[in-house]
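Novice: I'd like to ask you about the structure that follows.
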Amino acid sequence: MPQNAPAETKLVRGLSLTDSILLLAGGIIGSGIFLTAKDVAINTRYPWLFLTVWIVGMGMALLACFAFAELGAMFPHAGGQYVYMREAYGDTAGFLYGWMYFTVSATGTVAALGVGFATYLGQTFPALHLEQVVLPLRFVDITRGHLVALAAISLQTLINIFGVKKGAVLQNIATWAKFGAIAIFVVGGLLLGRGSWDHFRHSLLPAGSEHVSIVTGVGIALIAVFWAYDGWVYITFVGGEVKDPQRNVPRALIWGLLLVGVVYISINAVYVYALPMNEIAAQEAVAQTAAVSMFSGKVAPWLSMMVALSCFGAMAPCLMSGARVYYAMAEDSIFFHALAKVHPRWHTPVMSLVLQAIWASVLALSGTYQKLFTYVMFMMVLSYVLTVAGLFVLRRTKPDAPRPYRCTGYPWLPAIYVVLGTLWAINAAVEEREATLKGTLIVLLGVPFYFYWKRQRKADAAARSSAAS
C-alpha cells in the first residue's frame, strides 16, 4: 500500500459509470482509426480479412479486459495497471511499466494527439498557416502548429487541474461530439454516399509482397490495430476516483471496449464501401479520401475537423489517467515525491499533471514522439500479457483477497490471451527487430533511476525510524 501519501488531502470518487465508459471510449478513439487503414490493407489484402482483423483486435483486447476487470475490482486505486504489476511481480516491474508509460506511452500519445489536432485544424482553417515558423531555434523551428498543439495540451491540463469532474465534463462533451461526427460519416456514407458494395469482393493486387504469408501479414497488421485500440486501460488508472469501482470499473472496461469495436468496424466498412482495397492501400488519409469519393471535395474540411475533434477528445482522458500513474508511483516513493501531493481544494495531483504536460510538450516540439511510440508498442502489449498472467499469480499468492468481479472464462480465456499475446510479441520481435530492441532499451534506461529512488526510500525510512526513536 502507499507509504507516504499526504493524509490531509486525497483523490475523490467523482466519476460515474457513464463518465467511465466515455473516458475509455473517448481515450481509445483518437487519430489511429483514421490513419491505420493503409497499413492494415497492405498486410491483409482481402476486404474480409481487412475487417476481420479489427474484430480480432477487439476480441484480443476484450480477453485482456476480462482479466483487468477482476484486477480493477480487487485494487480500486489510482495507478491501475502499475498497481497490478506491482502486486503481482514487485516494485521493479511496476516501476519499469510506469517509467515506460511516463517517458513515452502517455506523454508520446498526448504529444501525437496535440500535433494531430493542430494539423487537422490547419486543414480546416488554412488561414492559420500552421507550418509557418514563429520562432527559429537551434534544434527545432517552432511553428504555429506547435503553438496550437502546446495550447491544447495546456488547456486540457489546466481544466484537469481544477477537478476530476471538470475534466470529466470536458472529455464527455468532446466524446459525444466525436460520436455524433462519426455517426454522420458512417450513416451518411452508407445511405447517401457514392460507394459500391462490389468493393467487398475484390482483393488488393500485391506489388512485391507476395512472399508475405497471411499469418505474418495479419501479425504485422495487428501492430496498427493494437495501436488504434490502445487506451482501454485508461479507466483502471483512475480507479481511485470512480464511484463504486468494484462494479463500475469492470462494466466500463467491457461495455466501453465493445462500443469502440462497433465504431471501428463500422468506420472501416465505410472505407471499403467508398474505396477499393488498392485505393485504401495507397492513401495516408483514407478517411478524407473516402469522404471525398462518397460526397465531394467540399466535405474535406469537415472531415478534417472531425479528426481534429477526435484528437482533442482523446487527449482529455489520456491526460487525466496518465497523471494518476505517476501519482501512484510517487506514493510508493519510487518517483518524484512532489507528484504524490494532492491539491487541498481541487483534489487533483497537480504536479503530476504539470510534469506530464511539460514532457509531452517537449516531445511535441522534438517530433520524436511517433518513433518512440512505435518502439514501445511491443513493450506495451507485452505489459498487457504480463498483467493478465499476473492474474494467475495473484490467484495463487492472494487466494483470499476480495474479488467483487471474477474474470469471465477463467482460466481459459485469460490463458488464451497470454498465449496469443505471446505469439504476437514473438512475431513482432522477429518482423520489427530494430523497433523491439529500441523499445526494450527505453524501458531498461529506467533501471538506474529505480535504484536511485529505492535507495532514497530506504534512506527516508531510516530517517523516520531514527526520528521516532
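The values are calculated or read from the model by the stated rules, or taken from the named source; none is laboratory data. From a predicted model like this one, the values you see are computed outputs, not experimental measurements. Cβ placement follows ideal geometry from the backbone for every residue including glycine, while neighbour counts extend to all protein chains displayed. The protein model used for the area step is the full one, side chains on, heavy atoms only, and it has no ligands, DNA or RNA in it. Shrake-Rupley method; radii C 1.70, N 1.55, O 1.52, S 1.80 Å.
Novice: Take TRP346, TRP197, TRP99 and sort them by solvent-accessible surface of the protein heavy atoms, 1.4 Å probe, largest at the top.
Specialist: TRP197, TRP346, TRP99
Novice: Taking the Cβ of SER352 as the centre, find all other residues whose Cβ is under 9 Å away and add up their charges (Lys, Arg: +1; Asp, Glu: -1).
Specialist: Net charge around SER352: +2.
Novice: Still on this structure, I have one more. Can you work out the FRET efficiency for the pair LEU192 and ALA468, with r the C-beta to C-beta distance and R0 = 60 Å, to the nearest 0.05?
Specialist: Working from the Cβ atoms, E equals 0.25.
Novice: Under 28 Å Cα-Cα from LYS371, which lysines qualify once same-chain neighbours fewer than 8 residues away are excluded?
Specialist: LYS38, LYS178, LYS438
Novice: Something else: How much of CYS407 can a 1.4 Å solvent probe reach, expressed as accessible area in Å² and rounded to 10?
Specialist: Accessible area of CYS407: about 10 Å².
Novice: Stretch ILE55-ILE173 to full length: gain in nm at 0.36 nm per residue minus the Cα-Cα span?
Specialist: Stretched fully, the ILE55-ILE173 segment lengthens by 39.7 nm.
Novice: Moving to a separate point now. Can you give me the three principal axis dimensions of the chain from its C-alpha atoms, in Å, biggest first?
Specialist: 80, 54, 41
Novice: Related question: Please list 231-238, 424-431 highest first by mean number of surrounding beta-carbon atoms within 10 Å per residue.
Specialist: 231-238, 424-431
Novice: Summing Lys, Arg as +1 and Asp, Glu as -1, what charge do residues with Cβ under 15 Å from the Cβ of ALA316 carry, ALA316 excluded?
Specialist: So the environment of ALA316 carries a net charge of +2.
Novice: Further question: As an exercise, use a Förster radius of 60 Å and the Cβ-Cβ distance of ARG403 and ARG201 to find the FRET efficiency, rounded to the nearest 0.05.
Specialist: That gives a FRET efficiency of 0.80.
Novice: Can I ask one more? Rounded to whole Å and ordered largest first, report the semi-axes of the equivalent ellipsoid of the stretch 252-339 derived from its Cα gyration tensor (root of 5λ). Please report the intermediate quantities before stating the final value.
Specialist: On the way: eigenvalues 292, 48, 27 Å².
Those come to 38, 16, 12 Å.
Novice: Oh, and also: Put TYR89, TYR375, TYR327 in order of accessible area, largest first, 1.4 Å probe: what do you get? Walk me through the numbers before you get to the answer.
Specialist: Values: TYR89 95, TYR375 45, TYR327 15 Å².
Descending accessible area places them as TYR89, TYR375, TYR327.
Novice: Now for a separate question. Taking the Cα-to-Cβ direction at PHE449 and at LYS371 and moving 7 Å from each Cα, how far apart do the two end points lie in nm?
Specialist: Label at PHE449, label at LYS371, 1.9 nm between them.
Novice: A follow-up question, please. Just want the answer: with Cβ charges of +1 for Lys and Arg and -1 for Asp and Glu, which residue in VAL385, ALA462, ASN248 is farthest toward the dipole's positive end in the chain?
Specialist: Ranked along the dipole, the leading option is ALA462.
Novice: Suppose R0 equals 22 Å. What FRET efficiency, 1/(1 + (r/R0)^6) with r the Cβ-Cβ distance, do PHE336 and ARG251 give to the nearest 0.05?
Specialist: On the way: r = 34 Å, r/R0 = 1.53.
Result of the calculation: an efficiency of 0.05.
Novice: Now, a different point. Under a Cβ-only charge scheme (Lys and Arg +1, Asp and Glu -1), can you give me the dipole magnitude of the chain about the Cα centre, in debye to the nearest 20? Working shown, then result.
Specialist: On the way: 32 positive and 22 negative charges, 204 e Å.
About 980 debye.
Novice: To continue, here is another question. Quick one: order SER333, SER266, SER154 from most to least accessible surface, probe 1.4 Å.
Specialist: SER154, SER266, SER333
Novice: By how many nm would the segment from LYS458 to LYS166 grow when fully extended, if each residue of separation counts as 0.36 nm and the alpha-carbon distance is taken off?
Specialist: Answer, rounded to one decimal: 101.3 nm.
Novice: Compute from the Cα atoms of the stretch 211-302 the Rg and the Dmax, the latter being the longest Cα-Cα distance, and quote both in angstrom.
Specialist: In Å, with Rg to one decimal and Dmax whole: 17.8, 52.
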